[in-house]
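Scroll down for the structure; my scribbles are underneath it.
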Amino acid sequence: MPVKPGIYAILEGLQSEMLRDSTLTLLYEYQHPTAVSSMGKVIDLHKQFGPVRVPDTGPIDEEWFVGACIGMAMTGVRGIAHCPTMTSVRAFELVFNQVGKLRYMTGGQASMPMVLWQDAAGRVAGQAAQHADAGQEALYASIPGLQVVIPSDPYDAKGLMIAAVRSPDPVIFFHYGAINSVRIDVPDDAYVVPIGQAALRQEGKDITLVGFAPATLEIAKALPLLKNAGISAEFIDPRTLKPLPIDPIIASAKKTGRLLAVDHGHETLCSTTEIIARVAMAVPGVRLARLAFPDAPAPAAKEMIEWMTPDAPKIVAAAKKMMTA
């Protein structure tokens with residue numbers, strides 16, 4: 001199987017779904033949805049499917065994109081609204097008041113088969129605070145009626161996007177650009193990564209590590225360092241924030257007796273807070289710890305943002321402390 005960049009893998013998944021469903025529409029903000037594979041193969045959905053199904057959306061108007069997808073979904077047409085990194089909550093009002101609640105408010109007459117494809121910035125040095133953020137998926141997870149997925153690599157990105165498109169419920173698809181750097185094989189054919197199914201990335205017996213992208217990249221870097229320190233770490237990537245696949249995490253915490261959650265969102269009410277709460281209720285006596293970004297805007301200085309971000313060395317230090325304290 002070929003190695004593919006994250007954005008190429010996502011567009012390849014959408015390409016297969018648009019061929020399967022002749023009404024599927026993509027509203028992609030301010031540019032054409034194009035990508036190039038490592039072998040030089042080009043995907044251009046606007047060119048392939050035309051301006052009706054992939055409009056030439058020059059204006060920047062997230063409310064219009066999401067509102068249009070809501071209207072299409074109410075008529076049975078599936079739509080995908082793509083929003084860039086700096087607009088992770090621009091259309092939040094529509095999602096909060098309409099997307100997650102219309103099926104209930106119409107007594108089941110209106111379903112919401114739509115996807116909000118939200119690019120997310122992540123903690124990037126040298127950017128202004130509003131362009132170096134993470135964790136906004138926790139806002140959407142608090143809304144009933146929504147599904148929220150966060151892929152950690154190009155393979156999961158393609159499979160979760162296909163699953164999101166096929167879901168009868170509205171799905172918020174958070175895509176962090178950092179995962180594009182993960183080198184992993186991605187099949188050419190369409191496949192589904194089930195929504196609500198966690199991935200066991202590594203088995204272990206001493207401590208359970210859990211986190212969502214982009215923190216998953218730092219956890220992966222920490223694993224060999226923990227092994228060198230004689231710590232057998234189990235790593236679970238939930239991939240879905242809502243519905244949260246908590247059962248395998250609880251089972252792992254029962255086995256290891258320790259759970260370290262890593263989150264690049266802000267510490268207060270970040271995504272892994274829910275994991276810690278549920279594990280604490282289900283596993284008496286389990287030792288719990290969390291690493292998260294402080295409750296402060298991200299600084300532009302490289303040294304400062306690195307000091308604040310839960311990275312591999314901090315994960316190793318926290319795990320060692322849990323093993324010895």
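The values are calculated or read from the model by the stated rules, or taken from the named source; none is laboratory data. Note that the coordinates shown come from a computational prediction; the quantities given were computed from them, not determined experimentally. Because the Cβ atoms are built from the backbone with ideal geometry, glycine has one as well, and the counts that use them run over all protein chains shown. The protein model used for the area step is the full one, side chains on, heavy atoms only, and it has no ligands, DNA or RNA in it. Shrake-Rupley method; radii C 1.70, N 1.55, O 1.52, S 1.80 Å.
Observations
- Some residue of segment 301-316 being over 26 Å from Gln197 (Cα atoms) and acidic (Asp, Glu): yes
- Screening Arg20, Arg53 for residues that are without any contact (Cβ under 8 Å) to a residue 40 or more places away in the chain and either more than 23 Å from the chain's Cα centre (by Cα) or over 17 Å from Arg78 (Cα atoms) (or both) leaves exactly one candidate, Arg53.
- Pairs are defined by a Cβ separation below 6 Å, a sequence spacing of at least 6 or placement on different chains, a first member in segment 281-309 that is touching a residue at least 12 places away in the same chain (Cβ under 8 Å) and assigned to a strand (DSSP E or B), and a second member that is open to solvent by 60 Å² or more (accessible area, probe 1.4 Å) and acidic (Asp, Glu); the pairs so defined are Ala292/Glu267.
- Residue check, Ile315 buried (at least 20 other Cβ atoms within 10 Å of the Cβ), under 20 Å from the mean Cα position of the chain (by Cα) and among the aliphatic types (A, V, I, L, M): no
- Across segment 192-236, the number of residues qualifying as free of Cβ contacts under 8 Å to residues at least 40 places away in the same chain and either open to solvent by 40 Å² or more (accessible area, probe 1.4 Å) or not aromatic (Phe, Trp, Tyr) (or both) comes to 14.
- Among the residues of segment 279-298, just one is of a type outside the set (A, V, I, L, M, F, W, C) and crowded, with 17+ Cβ neighbours inside 10 Å, namely Arg290.
- Scanning segment 154-183 for residues that are touching a Lys or Arg at 6+ places or on another chain (Cβ under 9 Å), surrounded by 24 or more Cβ atoms within 10 Å (Cβ to Cβ) and more than 15 Å from Gly79 (Cβ to Cβ) gives Pro154, Asp156, Lys158, Leu160.
- Only listed residue being over 17 Å from Ala317 (Cα atoms) and in contact with a Gly (Cβ under 7 Å, 6 or more places away or on another chain), chosen from Pro238, Pro245, Pro194: Pro245
- Candidates Gln48, Gln136 - the one that is farther than 13 Å from Leu27 by Cα and under 19 Å from the mean Cα position of the chain (by Cα): Gln136
- Selection status of Leu160, in a helix (DSSP H, G or I) and under 21 Å from Cys270 (Cβ atoms): yes
- Selection count where residues are open to solvent by 30 Å² or more (accessible area, probe 1.4 Å), closer than 24 Å to Ala298 by Cβ and not aliphatic (A, V, I, L, M), scope segment 237-278: 5
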